[in-house]
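Report on one structure; see the data block that follows.
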Amino acid sequence: MQTHRLGLRRFSSALTAVLLICLACILTGCARWKNLTAEQMLEDFEYLFTVLRDNHPYLALKARAEGYDWLAHKDEFGKAVGESTDDRSFAQAIASMLRQINNGHTDIVPASFVKDVAGWNEEPWKAIAKDTSASHIDYWCNLAQPPAATAASERQSPFLAVYNAGEYVIVAAAPSKDIQDLLEPGMVVLEVNGRPAQDYVKSQRGLPVPWQSRLRFDPARRVVYQRELALPSSGEPITLTVRFHGETFSLKVPWATTPWNRACPWPPTYSGGKGSGSPNLYMDTLGDGKVAYVQIRSFLPRPEDPQILAGFFESAKDLPAIIIDIRGNSGGNTTYWMNDIVGRLTPEPVECTYYLACRPGDYIRPFVQAKAQAVSLSQVTKGELLDRAGERLRPNIPPEVLTYDFADPFALRMVVNSRDSIRYRGRVFVLADDLSFSGAEGFAAFCKATGFATVVGTWTGGDGIAITPVFVSLPNSGMVVRFPVVMGLNPDFAANAETHTRPDVLVEQSVGDIVAYLAKLDMREGLTPGPSWDAALRECLRLALDGVSR
């Protein structure tokens, strides 16, 4: 009996210990996916770095085009991770490391995005969504967001300078007399605190700057740039060297003391319009009712858009021209524009062939194989790629594509058939800009390659001839990172992510146009398409109405 009681007592004590351990795990967040140890953080970093090193298609391109060798900075990235003291600092270190690649498809993503993308893709994408907890994904995505503004970073900027035709031009000054006495619209910023403007901008690579100031690549001038010049966070007055009316001189500009928060939200977005019913669409007729105009903000699928667009195009079938404005459209699903724009308008099938290059890494192989079967990609040898490019276009092929760092490329034949088409015989114009990215870039590239439409505006944002970027879930945290899987080649065999799409008609805003646009915004009236301050739209209407009787 004594032995039996002793056994029960021991069993009870052991059970209590197990329960206490379980309770402690629950209370202290013992789950492996958060409150990571330093060792777990470094394991996740090493895993991600290795996956990107062996699979990301743009690392050599970025080193060649932008002068930044991401692989050479591994120790710097690892040091930042090693110095992380908690989950937030770890997530920030990973986010910074990804920003250094400077690619709009390389980032930490939320669960809703993972779910949506998995929904319209094949099994490898679905597996990531199924095998990773949504709460884990969002936990890390939220921690990776840029930290809240500090008092120093909330200082009022003394001026707004925008990137225009390769230069940073002041277009507005703070409403303080001392600043307005110094600065005038049209001044070109040559130096910031003694550094050439271009070097100053390059130094901000990887920093969590506002969206309008993130680094982009100008394929015409072969430089990285910011749409809006981000100013130093120091509280000291800013020393500028400027050019104005042919003269060059220096200025010491104080920070503004009066809140004004001026920005230049270009391109303009419109609401309402004729019979829209979708927040994604704005429709109107311009040029005295002779030109149909539709602005499409995103190519992400919306259930109401196909029917609305079909009705709009039907109403425009007898007009001489249609303008499709995709400026600011960051992409979405390729089937959006294939089915609901090209398919609805084209009188006959439209097709072109692209080539896609990818790395030979093990991680992306199942994604590439699944997509190759789904869209009928056909693999060609590097020798065949050289033959198809021919002597004239062969130099355009990115040199890394022809090395062992890349697998044999794929040919992608895109054919868009008429789909309940109005068989439109008028002229189609597409307005594009540097924010036309991903799927919107793909649409602009297709229009130019096939002649389906005349592309008007500025160089596009690139990275649109592709397949869906892949997801990678980090083993300890469950953080999900997205990155592109292929390097798409333009019809001239240059990398689309490097040269983007040059419009058929290049139009850049003048300083006068920008100032007029800002004045229009200040009127706080409902914004409608305005050729008086929109140079690309103005030229598009001129081309559309050329030869049309008034």
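The values are calculated or read from the model by the stated rules, or taken from the named source; none is laboratory data. Since the structure is predicted, the reported quantities are computational estimates derived from the model, not experimental observations. Reconstructed Cβ throughout: ideal geometry from the backbone, glycine too, with neighbour counts over all protein chains shown.
Overview of results
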item: Qualifying residues in region 430-475 (those that are among the aromatic types (F, W, Y) and touching an Asp or Glu at 6+ places or on another chain (Cβ under 8 Å)) - the one nearest to L52 (Cα to Cα); result: F437
item: Which listed residue, of T403, T450, is farther than 23 Å from E351 by Cβ, surrounded by fewer than 21 Cβ atoms within 10 Å (Cβ to Cβ) and of a type in the set (S, T, N, Q); result: T403
item: Residue in region 387-410 that is assigned to a strand (DSSP E or B), at pLDDT 95 or above, more than 30 Å from W533 (Cα to Cα) and outside the structural domain of N102 (by TED's automatic domain parsing) present; result: yes
item: Yes/no for F452 being more than 26 Å from Y225 (Cβ to Cβ), assigned to a loop (DSSP other than H, G, I, E, B) and not β-branched (V, I, T); result: yes
item: Residue list for region 123-139, filter: touching a residue at least 60 places away in the same chain (Cβ under 8 Å) and in contact with a Pro (Cβ under 9 Å, 6 or more places away or on another chain); result: E123, P124, I137
item: Tally of residues being in a loop (DSSP other than H, G, I, E, B) and surrounded by 15 or more Cβ atoms within 10 Å (Cβ to Cβ) across region 368-379; result: 1
item: Hits in region 309-367 - residues which are in a helix (DSSP H, G or I) and under 20 Å from N490 (Cβ atoms); result: T334, W337, M338, V342
item: Every residue from region 406-433 that is among the charged types (D, E, K, R) and out of contact with any strand residue (DSSP E or B) (no Cβ under 6 Å at 6 or more places or on another chain); result: R419, D420, R423, R425
item: Residues of region 276-305 that turn out to be over 20 Å from A321 (Cα atoms) and not in a loop (DSSP other than H, G, I, E, B), as a count; result: 2
item: Leading residue by the ranking (nearest to Y517 (Cα to Cα)) among those in region 269-315 that are among the polar types (S, T, N, Q) and over 24 Å from the mean Cα position of the chain (by Cα); result: T285
item: Residues (crowded, with 24+ Cβ neighbours inside 10 Å and on the phi > 0 side of the Ramachandran plot) located in region 467-509; result: H500
item: Check on P110, surrounded by fewer than 20 Cβ atoms within 10 Å (Cβ to Cβ), within 30 Å of A440 (Cα to Cα) and touching a helix residue (DSSP H, G or I) at 6+ places or on another chain (Cβ under 6 Å); result: yes
item: Members of region 335-355 that are closer than 30 Å to A60 by Cα and either buried (at least 23 other Cβ atoms within 10 Å of the Cβ) or touching a Lys or Arg at 6+ places or on another chain (Cβ under 7 Å) (or both); result: T353, Y354, Y355
item: Flag if G328 is in contact with a helix residue (DSSP H, G or I) (Cβ under 7 Å, 6 or more places away or on another chain) and of a type outside the set (A, V, I, L, M); result: no
item: Any hit, region 228-245, residues being assigned by TED's automatic domain parsing to the domain that holds M187 and within 20 Å of F437 (Cα to Cα); result: yes
item: Failed item, numbered, when G512 is tested on (1) surrounded by 20 or more Cβ atoms within 10 Å (Cβ to Cβ); (2) outside any loop (DSSP other than H, G, I, E, B); result: (1)
item: Within region 265-281, considering residues that are farther than 17 Å from S436 by Cα and not hydroxyl-bearing (S, T, Y), the one surrounded by the most Cβ atoms within 10 Å (Cβ to Cβ); result: G273
item: Among (1) closer than 28 Å to D504 by Cα; (2) out of contact with any strand residue (DSSP E or B) (no Cβ under 6 Å at 6 or more places or on another chain); (3) among the charged types (D, E, K, R) - the single one R195 does not satisfy; result: (1)
item: Residue in region 448-460 that is in contact with a Lys or Arg (Cβ under 6 Å, 6 or more places away or on another chain) and within 20 Å of Y293 (Cα to Cα) present; result: yes
item: Residue ID - surrounded by the fewest Cβ atoms within 10 Å (Cβ to Cβ), chosen from residues in region 177-190 that are part of a loop (DSSP other than H, G, I, E, B) and of a type in the set (D, E, K, R); result: D181
item: Tabulated pairs, region 423-439, first within 18 Å of R538 (Cβ to Cβ), second β-branched (V, I, T) and in a loop (DSSP other than H, G, I, E, B), C-beta under 6 angstrom, 6+ apart or interchain; result: A432/I326; A432/T460; D433/T458
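Here is a yes/no grid of residues against (1) acidic (D, E); (2) within 22 Å of G461 (Cβ to Cβ); (3) touching a residue at least 60 places away in the same chain (Cβ under 8 Å); (4) part of a helix (DSSP H, G or I):
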| site | (1), (2), (3), (4) |
| --- | --- |
| F45 | no, no, no, yes |
| L48 | no, no, yes, yes |
| K79 | no, no, no, yes |
| L98 | no, yes, yes, yes |
| H105 | no, yes, yes, no |
